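Asker: My questions all concern the structure below.
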Amino acid sequence: MESKTGGGDWEGMEGIVRAGTGGGDCQGMEGIVRSGGREWVDNECILMHKDGNLELKNSRLGLAQMEEGSVLLRTELAEVCGTDVHLLHGRLDLVPYPIIPGHVGVGRVHTTIGPVCDVAGVPVLKGDMVTFLDVLDTCNSCLTCLVDKQTTRCPQRRVIGITCPARDSDIKGLLGCWSSFIYLPPKTKIIRLPDALPPSVFMAGGCGLPTALHAVDRANVKLMDRVIVQGSGPVGLLAAVLALQSGAGQVIVIGAPAHRLQVVEAFGVDATINIQEITDPSERLRLVEELTVGRLGDIVIEATGRPEAVGEGLSLCRNGGTYVVVGQYTDNGDVSINPHYLINRKHVVIKGCWGSDFSHFYRGVQFMARHKNLPWHQVVSKVFSLKEARKALSCIENLELFKALLKPHSSLG
Ligand SMILES: [Zn+2]
Ligand SMILES: [Zn+2]
């Protein structure tokens with residue numbers, strides 16, 4: 001990682017900026033630099049380039065460029081997730097590199113331009129601790145939105161931290177959470193974190209939560225359903241937790257490695273199966289038959305990203321059961337299955353699940369506030385500084401940690 005420093009003397013600690021010698025009065029409060037009658041912030045962010053280079057970039061950006069109705073957040077915590085690993089390796093389509101990664105984060109409102117309200121119509125005020133829906137520009141004007149009602153597939157959709165290009169000379173380009181400030185364009189859907197919900201607890205749910213909530217909605221879990229979750233990463237864990245809270249009668253999680261399954265077990269699932277220990281899918285099927293007294297899953301949720309999991313997942317569904325595929329976020333290749341035995345004869349319902357919308361995000365925040373006493377501290381494995389972004393990414397890629405967060409404005413590492 002190389003480091004570049006833009007103009008101006010500055011100190012990164014807590015965003016406090018001290019004046020250089022030139023240009024008038026400057027106040028250290030909240031990272032604002034006042035110079036020549038204008039206001040600026042000194043920002044530090046990670047630029048991710050197409051070749052996988054991560055550049056730590058410092059720049060002084062003018063607040064005057066902000067649009068009416070926009071908000072600038074001073075970042076509290078940002079997530080490092082599997083999506084960022086895919087971005088690093090160029091596995092996602094239509095990514096306008098360089099980008100500032102980080103599609104889910106929490107920050108304190110630093111500046112608002114004009115009146116800005118949250119979705120409940122309550123004014124968003126300086127100092128509020130908020131999060132925001134990472135999806136921008138769902139158009140609600142196209143056939144996909146209006147007729148098909150599949151807003152997560154709207155072609156206009158852009159996602160902060162994924163499909164928004166970074167413009168490092170313009171404050172409006174701070175469209176990613178791996179940055180000491182985040183720019184929220186007008187109409188970004190903002191949610192104030194409830195007072196009782198600490199940012200670190202909210203981020204334990206983080207980006208996996210709306211995705212898992214969408215998947216569990218698609219699964220339509222009913223009281224006493226037997227739910228089998230394939231995958232023990234954040235989405236798998238959260239799908240299991242949400243299934244339990246939706247009244248499932250039994251939840252079984254199949255995944256690896258052991259330390260992730262231990263976290264999953266701490267949330268009260270009924271059983272876990274370690275695929276590194278039970279390596280034969282037919283043996284795993286036998287175990288699930290034993291655990292469910294031969295009934296298999298009313299619902300199976302795939303959250304692995306591994307194509308070969310799909311055939312196995314179908315085999316774990318009961319006759320007439322439901323299979324939700326949410327983990328195949330990138331193209332990991334083809335797989336062959338036997339449609340006679342696994343689909344037609346089983347009479348299964350197969351549902352894909354892409355992205356999430358504001359309802360999943362909003363209810364996810366409410367869920368975390370309602371269930372803040374679950375053992376979320378076991379999920380956030382480590383908090384890194386921006387300078388340690390590459391290390392954080394490799395820990396997630398190698399499954400060394402359950403979840404990694406970045407904390408800008410910190411002197412960690
Ligand atoms: Zn649309
Ligand atoms: Zn994510």
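The values are calculated or read from the model by the stated rules, or taken from the named source; none is laboratory data. This is a predicted model, so every value here is computed, not measured. Positions of Cβ are backbone-derived with ideal geometry, glycine not excepted, and every protein chain shown enters the neighbour counts.
Asker: Assess whether D331 counts as being out of contact with any helix residue (DSSP H, G or I) (no Cβ under 8 Å at 6 or more places or on another chain), surrounded by fewer than 19 Cβ atoms within 10 Å (Cβ to Cβ), charged (D, E, K, R) and touching a residue at least 40 places away in the same chain (Cβ under 8 Å). Spell out how you get there, then give the answer.
Answerer: On the way: out of contact with any helix residue (DSSP H, G or I) (no Cβ under 8 Å at 6 or more places or on another chain): yes; surrounded by fewer than 19 Cβ atoms within 10 Å (Cβ to Cβ): yes; charged (D, E, K, R): yes; touching a residue at least 40 places away in the same chain (Cβ under 8 Å): yes.
So D331 fits the description; yes.
Asker: For the range 292-346, what are the residues that are charged (D, E, K, R), under 30 Å from G90 (Cα atoms) and in a loop (DSSP other than H, G, I, E, B)? Please lay out each step first, then the result.
Answerer: Narrowing the range 292-346 to residues charged (D, E, K, R): 295, 298, 302, 306, 308, 312, 318, 331, 334, 345-346.
Next, only the ones that are under 30 Å from G90 (Cα atoms) stay: 302, 306, 308, 312, 331, 334.
The answer is R306, D331, D334.
Asker: Further question: Out of all the residues in the range 52-64, is one or more buried (at least 23 other Cβ atoms within 10 Å of the Cβ), modelled with pLDDT of 95 or more and under 30 Å from V326 (Cβ atoms)?
Answerer: no
Asker: Which one of these does Y323 not meet: (1) buried (at least 21 other Cβ atoms within 10 Å of the Cβ); (2) assigned by TED's automatic domain parsing to the domain that holds P155?
Answerer: (2)
Asker: Looking only at the range 166-185, filter to residues that are modelled with pLDDT of 95 or more and surrounded by fewer than 20 Cβ atoms within 10 Å (Cβ to Cβ); which one of those is nearest to ligand 2 (Cβ to nearest atom)?
Answerer: Filtering first and then ranking leaves P185.
Asker: Output yes when any residue across the range 132-151 is touching a residue at least 40 places away in the same chain (Cβ under 8 Å), assigned by TED's automatic domain parsing to the domain that holds R38, away from ligand 1 (no atom under 16 Å from the Cβ) and outside any loop (DSSP other than H, G, I, E, B), and no when none is.
Answerer: Yes, there is a match, as at least one residue in the range 132-151 is touching a residue at least 40 places away in the same chain (Cβ under 8 Å), assigned by TED's automatic domain parsing to the domain that holds R38, away from ligand 1 (no atom under 16 Å from the Cβ) and outside any loop (DSSP other than H, G, I, E, B).
Asker: A follow-up question, please. Sort out which residues of the range 141-153 are away from ligand 2 (no atom under 16 Å from the Cβ) and in contact with a strand residue (DSSP E or B) (Cβ under 9 Å, 6 or more places away or on another chain), and write them in order of number. Steps first, please.
Answerer: Going residue by residue through the range 141-153, those that are away from ligand 2 (no atom under 16 Å from the Cβ) are 141-151, 153.
Selection gives T151 alone.
Yes/no matrix, rows are residues, columns are (1) closer than 21 Å to E79 by Cβ; (2) among the aromatic types (F, W, Y):
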site	(1), (2)
W178	yes, yes
P199	yes, no
L209	yes, no
V216	yes, no
G249	no, no
V253	no, no
P257	yes, no
Q262	no, no
